[in-house]
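K.L.:
Dropping a structure here in structure tokens format, bear with me for questions.
The values are calculated or read from the model by the stated rules, or taken from the named source; none is laboratory data. Values in this document were obtained by computation on a predicted structure and should not be read as measured data. Virtual Cβ from ideal backbone geometry, glycine too; neighbours counted across all protein chains shown. We work out accessible area using only protein heavy atoms, side chains counted, and drop any ligands, DNA or RNA first. Shrake-Rupley method; radii C 1.70, N 1.55, O 1.52, S 1.80 Å.
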Amino acid sequence: MKTRFICALAASLAMAQFAVPAYAETPEAPAQFRAAAPQSFTAEDLQRYGLSSEDAARGVALQEQGYTVVALTPEEAEAYQAGAFSQTEWILIGVGVLIILAIA
């Protein structure tokens, strides 16, 4: 038993000489994420993005209340909401779980 321990200790010390410490490599600087600087939209800006005058006025009112208005292309908006369940889907899932629990 003692011999196994001594051999294991000797092997670990021998292997420790070849181990490269993790801090020996210079860390690469993470790539900076570039995005457009945030800005607030005017009603005219929002209308240029295709909103009606009522929707543009609502967008400006929301900005004044502290909300962030984001302009997205239809593809970006679809990707932004991808995988999100609607409230109706969550209700149906909840009802299904309740039915399963009632049966069990």
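K.L.:
Of the residues in region 46-65, how many are open to solvent by less than 60 Å² (accessible area, probe 1.4 Å), among the aliphatic types (A, V, I, L, M) and in contact with a helix residue (DSSP H, G or I) (Cβ under 9 Å, 6 or more places away or on another chain)?
P.N.:
Qualifying residue count for the region: 4.
K.L.:
Pairs only if they're at least six apart or on different chains, beta carbon under 7 angstrom, first in region 56-78 and within 14 Å of ASP45 (Cβ to Cβ), second of a type in the set (A, V, I, L, M, F, W, C) and open to solvent by 60 Å² or more (accessible area, probe 1.4 Å); list them, first residue then second.
P.N.:
GLY59/LEU51
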